[in-house]
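The values are calculated or read from the model by the stated rules, or taken from the named source; none is laboratory data. Note that this is a predicted model, so its numbers are computed, not measured. Ideal geometry is used to build each Cβ from the backbone, glycine not excepted, and the neighbour counts take in all protein chains shown. Heads up: the accessible areas ignore ligands, DNA and RNA and are worked out on the full protein's heavy atoms, side chains in. Shrake-Rupley method; radii C 1.70, N 1.55, O 1.52, S 1.80 Å.
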Amino acid sequence: TTSSGARAGSWGSLLRISFMALRPLRVLGLHGYRQNERIFWGRSGALRKLLRNRMELVCVSGPLRIRAEEAPAEKLNLQPADHRGWWFSNSQLQTFDALEETDSCQGLEDTLALLDQVFAEQGPFDGVLGFSQGAGLTAILCALKSQGDNRFPFRFAILVAGFKSRATEHQDYYRDPINVPTLHVFGEVDRVIPGPMSQELASCFREPVILTHEGGHFLAASAAHKNTYCTFLDTFLE
């Protein structure tokens, strides 16, 4: 006879084998301002390890180069020209500040053209993961998708330390509830993108899932966060 413990162990093994046979979700990674694909790949290491059986991250660099005097020295010893962004809130100075309200921004069209090419050449992608300015951009991609733009086919998004753009010309993206499944992750003591800004962005979406943590401006990836990430991602695993 087979004991109930042995049967439970067998079922557990079968479930693990079944799960491992599933294709990991391909997710496009969009870095923060003053980063690039290599920096973001490095800083997402803990999250990639946490979700290694569920998510395959593909990172790309933004098209806008950050001027040398604005780009601080990085631990990876990159040249200033390697620091990138997705749009500038000040088109004259070519700088970005998430808190800056502006009637004149620059670079988003170049970014959308680049991502159109990325989706066509490196896709398909199941989802998009954005951090900081990359999360703000991810929200804009979600809005475009929700409004019927078919250039960026994906099924879900994870927005870490996201925010609504303060640019006047971007406000149409938020005029209607955005109908894309999203997980919004932000820190309670984030001094770069304060939590209320991320909460404001989440309120633009239909039925957003929200994960808060006690930390600051980083990709939360502790064991305590794993269940929320996995529950969200498992909805899209096939």
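Can you name the condition, by its number, that Ser44 falls short on among (1) within 22 Å of Phe119 (Cα to Cα); (2) surrounded by fewer than 16 Cβ atoms within 10 Å (Cβ to Cβ)?
So Ser44 meets the others, but not (2).
In region 83-98, what residues are more than 16 Å from Ile140 (Cβ to Cβ) and part of a strand (DSSP E or B)?
Narrowing region 83-98 to residues more than 16 Å from Ile140 (Cβ to Cβ): 83-84, 90-95, 97.
Within region 83-98, Arg84, Asn90, Thr95 qualify.
Find the strands (runs of 3 or more DSSP E) located wholly in region 131-214 whose residues include 1 or more that are surrounded by fewer than 20 Cβ atoms within 10 Å (Cβ to Cβ) and of a type outside the set (Lys, Arg), and list them.
Numbers: elements: 156-160, 182-187, 209-213.
Where strands (runs of 3 or more DSSP E) fall fully within region 131-214 and carry at least 1 residues being surrounded by fewer than 20 Cβ atoms within 10 Å (Cβ to Cβ) and of a type outside the set (Lys, Arg), they are 209-213.
I'd like the residue in region 99-112 that is open to solvent by less than 60 Å² (accessible area, probe 1.4 Å) and in a helix (DSSP H, G or I) and, out of all such residues, is nearest to Ala167 (Cα to Cα).
Only one residue tops the list, namely Leu108.
The conditions are (1) at pLDDT 95 or above; (2) in a loop (DSSP other than H, G, I, E, B); (3) surrounded by 14 or more Cβ atoms within 10 Å (Cβ to Cβ), and Leu233 fails exactly one of them. Which is it?
(2)
Could you grab the pairs with beta carbons closer than 6 Å, sequence gap of 6+ or different chains, first residue in region 161-183 and at pLDDT 95 or above, second one of a type in the set (A, V, I, L, M, F, W, C) and part of a loop (DSSP other than H, G, I, E, B)?
As it stands, the answer is Ala161/Ile193; Phe163/Ala98; Phe163/Ile193; Ala167/Cys105; Tyr174/Cys204; Ile178/Cys204, since those pairs meet every condition given.
Kindly indicate whether Phe156 is closer than 19 Å to Leu25 by Cβ and touching a residue at least 24 places away in the same chain (Cβ under 8 Å).
Working: closer than 19 Å to Leu25 by Cβ: yes; touching a residue at least 24 places away in the same chain (Cβ under 8 Å): yes.
When the stated conditions are applied, Phe156 passes them.
Among the residues of region 119-130, write down those that are part of a helix (DSSP H, G or I) and closer than 9 Å to Leu28 by Cβ.
First pass over region 119-130, keeping only residues part of a helix (DSSP H, G or I): 119-122.
Hits for region 119-130 are Phe119, Gln122.
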